[in-house]
Amino acid sequence: MLSRRELLRASVVSLASGIVMPNLFARALEVAAADHRVSGPNAAVLDRTLIIIQLAGGNDGLNTVIPYQSGEYYAARPTLAIAPESVIPLNDQLGLHPSLSALHSLWSQGQLAIIDGVGYDHPSLSHFQAMDIWQTADP
């Protein structure tokens, strides 16, 4: 059961987050808009948007971008593997989970790139340190 003290503490944290977060997003959008006002030879390059999706939590990367032609994938995941006929093919080796058809249409239009198997040198095997490195881009 939640005590009154815990409820008040959670309320204050939620209220503070609600005030700060929109301001952070607004500033990020202002910076992005300023970048798009650049003219000259780099103007065409800046007419694109990079969206990075971090699937934190319980995402299973091997069942998101699936090596559906790999016998090793099916041998290692006898109960978790996605059946090859259900996979949405990206090429002759990799495909998307069946629930990601909207991403496949972006892929087909050349509006989506997937970078599979990204890592960094000398990982410490600490989840928390790895998340800090990914979120700050500072190994």
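Please go through (1) touching a strand residue (DSSP E or B) at 6+ places or on another chain (Cβ under 8 Å); (2) within 21 Å of residue 50 (Cβ to Cβ); (3) of a type in the set (Ser, Thr, Tyr) for residue 120 and return the number of the only condition it doesn't satisfy.
Tallying (1) touching a strand residue (DSSP E or B) at 6+ places or on another chain (Cβ under 8 Å); (2) within 21 Å of residue 50 (Cβ to Cβ); (3) of a type in the set (Ser, Thr, Tyr), residue 120 fails exactly one: (1).
Could you give every pair whose Cβ atoms fall below 9 Å, whose first residue belongs to the stretch 101-113 and is open to solvent by 80 Å² or more (accessible area, probe 1.4 Å), and whose second residue is in a helix (DSSP H, G or I), counting only separations of at least 6 or pairs across chains?
111/105; 113/107
The values are calculated or read from the model by the stated rules, or taken from the named source; none is laboratory data. Bear in mind that the values here come from a model prediction, so they are computed numbers and not experimental data. FYI the Cβ positions are ideal-geometry reconstructions off the backbone, even for glycines, and counts take in every protein chain you see. For accessibility, only protein heavy atoms count, side chains too; no ligands or nucleic acids. Shrake-Rupley method; radii C 1.70, N 1.55, O 1.52, S 1.80 Å.
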